[in-house]
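Trainee: Encoded as structure tokens, here's the structure I'll be asking about.
Only the coordinates and a few stated rules stand behind these numbers; no lab work does. Bear in mind that the values here come from a model prediction, so they are computed numbers and not experimental data. Virtual Cβ from ideal backbone geometry, glycine too; neighbours counted across all protein chains shown.
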Amino acid sequence: MEKKETIMNNRSDILIAFALGAVAGILLAPDRGEVTRRRIGEKAGDLFSGARDRVGGVADTLRDQGRAMKEAVQGAKDSYREEVGRPRAGLRSETNP
């Protein structure tokens, strides 16, 4: 439980630091508010676009791995069924006494 609380504290510390940095940046910005807001909007758009691309790449990788795993499982099932269906040497079956 202590570890979970530490993680939550770290996240809140990061968010507070980010907010303070943003406020300080706006207050100390050399440009007019309009220019600063435009720059912030552009930067935020770039960040979200990059995050979306990364998430999309991860989703594609997971999808590919899921397909490969499904194919491997199906191959294992087919091999098992093929092996189980073969008569074994030295063993009697009900159809072959």
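Trainee: Considering segment 33-55 alone, what residues qualify as being surrounded by 10 or more Cβ atoms within 10 Å (Cβ to Cβ) and in contact with a helix residue (DSSP H, G or I) (Cβ under 9 Å, 6 or more places away or on another chain)?
Mentor: T36, R37, I40
Trainee: I need the full set of residues from segment 19-44 which are charged (D, E, K, R) and not in a loop (DSSP other than H, G, I, E, B), in order please.
Mentor: Residues satisfying the conditions are E34, R37, R38, R39, E42, K43.
Trainee: Please identify the pairs in which a residue from segment 17-28 that is under 15 Å from R39 (Cβ atoms) has its Cβ atom under 9 Å from the Cβ atom of a residue that is of a type in the set (V, I, T), counting only partners at least 6 apart or on another chain.
Mentor: If the second residue must be of a type in the set (V, I, T), the pairs left are A22/I40; G25/T36; G25/I40; I26/T36; I26/I40.
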